[in-house]
């Protein structure tokens, strides 16, 4: 009797590049297709040691959409993406103009955990810099 082996889809550096491209298009629907139903997003800012935590697709989608509203021209450039087994890293330079009129340009990274070929956890980190005049 033959045995059937199924393989779990793997997240690759190309997957993370496509995820980054969806961020740069401000496409929350596309972003959610990369994430598990019970995904977790730890934003760079917030009052807790981990920043602000959002759990589940609805909450994570709302958090991403809030970033796009707050920074209408938000862009994550100079991306470099790495994957090892069930973990990954994306490095980038974030640029954007805040809705209040000031600009930011800062290096940052995301640390990822994967499950079943999808992003289960995204932890964002960004350098803290003074607000820049437009």
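The values are calculated or read from the model by the stated rules, or taken from the named source; none is laboratory data. Bear in mind the structure is a predicted one, so any value in this text is a computation, not a measurement. Every residue, glycine as well, gets a Cβ built from its backbone with ideal geometry; the counts of neighbours run over all protein chains shown.
The combined condition, being free of Cβ contacts under 8 Å to residues at least 40 places away in the same chain and surrounded by 13 or more Cβ atoms within 10 Å (Cβ to Cβ), is not fulfilled by residue 128. Against the criterion of being surrounded by 15 or more Cβ atoms within 10 Å (Cβ to Cβ), at pLDDT 95 or above and assigned to a loop (DSSP other than H, G, I, E, B), residue 26 qualifies.
Looking at the range 29-47 only, could you name the residues that are part of a strand (DSSP E or B), at pLDDT 95 or above and loosely packed, with under 14 Cβ neighbours inside 10 Å? Matches in the range 29-47: 37, 38. If you go through the range 85-104 and keep only what is under 18 Å from residue 25 (Cα atoms) and not in a loop (DSSP other than H, G, I, E, B), you end up with 90, 91, 92, 93, 94, 95, 96, 97. With respect to the conditions (1) part of a strand (DSSP E or B); (2) touching a helix residue (DSSP H, G or I) at 6+ places or on another chain (Cβ under 9 Å); (3) surrounded by 15 or more Cβ atoms within 10 Å (Cβ to Cβ), residue 82 lacks only one, and its number is (3). Within the range 50-72, residues that are more than 20 Å from residue 101 (Cα to Cα) reach no partner that is part of a loop (DSSP other than H, G, I, E, B) and modelled with pLDDT of 95 or more with beta carbons closer than 7 Å at six or more positions or on different chains.
Is at least one residue of the range 54-64 surrounded by fewer than 15 Cβ atoms within 10 Å (Cβ to Cβ), in contact with a strand residue (DSSP E or B) (Cβ under 9 Å, 6 or more places away or on another chain) and in a strand (DSSP E or B)? Yes, because at least one residue in the range 54-64 is surrounded by fewer than 15 Cβ atoms within 10 Å (Cβ to Cβ), in contact with a strand residue (DSSP E or B) (Cβ under 9 Å, 6 or more places away or on another chain) and in a strand (DSSP E or B). Mind checking which residues of the range 96-117 are buried (at least 17 other Cβ atoms within 10 Å of the Cβ) and either more than 18 Å from residue 63 (Cα to Cα) or out of contact with any strand residue (DSSP E or B) (no Cβ under 9 Å at 6 or more places or on another chain) (or both)? Within the range 96-117, 104, 114 qualify. Residue selection: residue 68 satisfies the criterion of being in contact with a helix residue (DSSP H, G or I) (Cβ under 8 Å, 6 or more places away or on another chain) and either loosely packed, with under 13 Cβ neighbours inside 10 Å or under 18 Å from residue 44 (Cα atoms) (or both). As for the range 11-19, it holds at least one residue that is touching a residue at least 60 places away in the same chain (Cβ under 8 Å), over 11 Å from the mean Cα position of the chain (by Cα), more than 21 Å from residue 127 (Cα to Cα) and not in a helix (DSSP H, G or I).
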